[in-house]
Amino acid sequence: MNHAEGLEVSADGLSVVLTSVSSDSHTWNLVVLQLVLEELGHQVHNLGACVPDELMVSECLRLRPDLIVVSSVNGHGFHDGLRLIRQVRNHAELAGTPMVIGGKLGIAGPGCDRSRTQLTAAGYGAVFEDGTGLTAFQSYVGRLAIGQAS
């Protein structure tokens, strides 16, 4: 499914909601991602660390972002991310909003294709596991900005 169909990008770039999962108190990852996204020309609404699912959903309903970026480094990203996307996708207004997740998603380390498959099947447009590097993420966001991401 191409979530980017019909996406109109303003001259100010994408409107991006950046968040961690509710169990993750790390902030440096969010600061780095905010800087990367802003350098790419996008507007970032950084919700910070330990964001309760309900708050993240309500902020997305209020802001109507072009992209939702979820970052986790505590090793609980897989489980928290699955729960979070189910809550987001339960709202028709956010059902087509591109959403990606990345970071340390489990305690077993990167390379678990089963986790990636489950996360994309749940509705994430892309999964960027720890060790992937920023190039893949930047490429995805770039394609999304011109309406080619899937």
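Quick one: helix 113-122 against the long Cα principal axis of the chain, what's the angle to the nearest 10°, folded into 0 to 90? Between the helix axis and the principal axis of the chain, the angle is about 40 degrees.
How tilted is helix 28-39 with respect to the longest principal axis of the chain? Cα atoms for both, answer in degrees (0 to 90, nearest 10). Once rounded, the angle reads 20 degrees. Computed in the context of the full set of protein chains, the accessible area of the chain at 1.4 Å probe radius has 52% of its extent on carbon or sulfur.
Annotation: per residue accessible area for the range 25-150 equals 48 Å², rounded to a whole number [probe 1.4 Å, protein chains only]. Available extension along the chain between Ser23 and Thr135 is 37.7 nm, counting 0.36 nm per residue and deducting the alpha carbon span.
Using the Cβ-Cβ distance between Ala121 and Glu39 with R0 set to 41 Å, the FRET efficiency works out to roughly 0.85. Beta-bridge orientation, the chain: approximately 5 percent antiparallel, per DSSP, counting only bridges with both partners inside.
Take Gln87 and Ile146, extend 7 Å from each Cα along the Cα→Cβ direction, and tell me the distance between the two endpoints in nm. Each label point lies 7 Å from its Cα, and together they span 3.6 nm.
Compared with the dominant principal axis of the Cα atoms in the chain, helix 134-145 is inclined by about 30°.
The values are calculated or read from the model by the stated rules, or taken from the named source; none is laboratory data. What you are looking at is a predicted structure, and each value in this text was computed from that prediction instead of being measured. Backbone-built Cβ (ideal geometry, glycine too); neighbour counts: all protein chains shown. Accessible surface areas use protein heavy atoms only, side chains included; no ligands, DNA or RNA. Shrake-Rupley method; radii C 1.70, N 1.55, O 1.52, S 1.80 Å.
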